[in-house]
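Student: I'd like to ask some things about the structure below.
Bear in mind these aren't lab numbers, they're just calculated from the coordinates by the rules spelled out. This is a predicted model, so every value here is computed, not measured. No Cβ is skipped: glycine too gets one built from the backbone with ideal geometry, and neighbour counts run over all protein chains shown.
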Amino acid sequence: MILTKETPVAVVGLGLMGCSIVTCMLLAGHPVVAVAPVSVDLLHAENRIKTHLQKSFDNELVQHEPEHYLKNLQITEDYALLKDCKLVIECTLENIEIKEAVFKKIEAVISPEALLTSNTSAIPISTLQKLVKHQERFLGLHWAEPAHTTRFLEIICGDNTDIKNGEYLYELSHHWQKEPILVRKDIAGFICNRLMYAMYREAISLVENGYATVEDVDRSCRNNAGYFMTFVGIFRWMDLTGVPAYHAVMQQLLPTLNNSTDVPELIDKIVREGGKGVANDHGFYDYEPGEGKLWTETFNKFTYEVRELAMRYPHDVVRQKYIEQKASQASEEAPQ
Ligand SMILES: NC(=O)c1ccc[n+]([C@@H]2O[C@H](COP(=O)([O-])OP(=O)(O)OC[C@H]3O[C@@H](n4cnc5c(N)ncnc54)[C@H](O)[C@@H]3O)[C@@H](O)[C@H]2O)c1
């Protein structure tokens, strides 16, 4: 199967992530069928997608105004319109029963060779895979919000996925301006969340045990890891800054890191009290009413700026420089 930018693709579930994934697909040039599994999605989806498209234009991510892309968008409650789609991205609530019911409706319509994927954050792909008819074409496609600006995409194979489908999506996603990660064997949390949750656990433990405040731990993340991570990942960082030092520190530090398997009380208490974070001005920080909304708006603006930086420093930026230098040296040394 050859998927090109003319191939119709679909997103099922038009919440926060569904709308930004639709935007990403539209910006890449695909005709998109956007299915609203619950009618309430119809109230906000079009506006949200339009706003993403407008901001993408305003921030010079793309050269065309929203109307250019909206011609390619169909928002519907009718699953029958998925018939010609060759890639379907399920993006409904993180709930197995809901996802299973949605897969059934999708598979009743799409052709057997169309790829079916899920944006689940944490449900193992091999578990979801057991709920579908054609297991070899089922994969995880794990995006980061906002999907149209971030370069992150994990493509996850379940136990019964045909690896060729994973490799195929890996290639294709370069056209969506991703720097994709192919997870060849299913593992809980995939790659990114395993790394991040190790950090969340340690961060909470430092606060709970009185070593530092929430503010101080955050400042430490932002101004150390946050300072280099758009440029390099942790392995390149260790190479850049000297591997033996990390080896020495690991001997001392690893035995002291938190390895508890319980959900920490600090986060449990917030959730018990109904705290959601900036969404309802109640999280690890204290927010004045409405301050949370301002955080969301400010973050949205930041995503465009950090994307610009990320695009200037792709993963192979140095290799490209090296090749150019070599080529120019070779031409200087060549006999005239
Ligand atoms: N929010 C993130 O940053 C993020 C990141 C990566 C992955 N994800 C995953 O993406 C998926 C969607 O997350 P979101 O943040 O967009 O959630 P959301 O709450 O914004 O949207 C959920 C959507 O689920 C659908 N839905 C709700 N009830 C339903 C029902 N009974 N039957 C069928 N569909 C129903 C609707 O389309 C709704 O808009 C989840 O699996 C989540 O874990 C989210």
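Student: Note the full-extension length gain between Val249 and Phe231 as 0.36 nm times their separation in residues minus their Cα-Cα distance, in nm to one decimal.
Tutor: Fully extending the segment from Val249 to Phe231 adds 4.1 nm.
Student: Here's something else I'd like to know. FRET efficiency for Leu93 and Asp286, Cβ-Cβ distance as r, R0 = 45 Å, nearest 0.05? Write out the running numbers ahead of the final one.
Tutor: Working: r = 29 Å, r/R0 = 0.64.
According to the calculation, E is roughly 0.95.
Student: For the chain, what does the relative contact order come out to in percent, with C-alpha contacts under 8 Å and a separation of six or more? Could the numbers behind the result be given before it?
Tutor: Details: 446 pairs, mean separation 40.3, N = 336.
Computed value for the chain: 12 percent relative contact order.
Student: For region 7-65, run through the trypsin sites (Lys or Arg not before Pro) and keep only the ones in DSSP coil with at most 10 other Cβ atoms within 10 Å of their Cβ.
Tutor: none
Student: Same structure, new question: At q = 0.15 Å⁻¹, what base-10 log of I(q)/I(0) does the Debye formula yield for region 194-312 when every alpha carbon is treated as an equal point scatterer in vacuo?
Tutor: -0.93
Student: Taking Rh as the Kirkwood radius computed over C-alpha pairs, what is the Stokes-Einstein D of the chain at 4 °C in a medium of viscosity 1.567 mPa s, expressed in µm² per second? Each step should come with its number before you reach the end.
Tutor: Numbers: Rh = 22.3 Å.
Answer from the Stokes-Einstein relation: 58 µm²/s.
Student: Provide the descending list of Cα extents for region 80-126 along its principal axes, expressed in whole angstroms.
Tutor: So the extents along the principal axes, rounded to whole Å, are 29, 15, 15.
Student: Then there is this: Can you tell me what share of the DSSP beta bridges in region 9-183 is antiparallel? A percent to the nearest 5 is fine.
Tutor: Here the antiparallel bridges make up roughly 20 percent for region 9-183.
Student: Under 37 °C and 0.692 mPa s, how fast does region 18-119 diffuse according to Stokes-Einstein, given a Kirkwood radius computed over C-alpha pairs? Answer in µm²/s, whole number.
Tutor: So the translational diffusion coefficient is about 230 µm²/s.
Student: Using a simple spin-label model with points 7 Å from Cα along the Cα→Cβ vector, what separation in nm is obtained for Thr241 and Arg219?
Tutor: Using points 7 Å along Cα→Cβ, the separation is 1.8 nm.
Student: Please list the radius of gyration and Dmax for region 57-169, considering alpha-carbon atoms only, with Å as the unit.
Tutor: 15.2, 43
Student: Which whole-Hz ³J(HN,Hα) couplings does region 47-58 yield from phi under the Karplus relation 6.51 cos²θ - 1.76 cosθ + 1.60, θ = phi - 60°, glycine and proline marked x?
Tutor: 4, 4, 5, 4, 4, 4, 5, 5, 5, 5, 5, 4
Student: Let me ask something else about it. Return, for the Cα atoms of region 158-232, the radius of gyration and Dmax in Å, separated by a comma.
Tutor: Looking at region 158-232, its Cα Rg and Dmax stand at 17.3, 50 Å.
Student: State the extension gain, in nm to one decimal, for the chain segment bounded by Ile187 and Val38, taking 0.36 nm per residue of separation less the distance between their alpha-carbons.
Tutor: 50.6 nm
Student: Now, a different point. Note down the net charge around Lys293, summing +1 for each Lys or Arg and -1 for each Asp or Glu among other residues with Cβ under 14 Å from its Cβ.
Tutor: Result for the local shell: -2.
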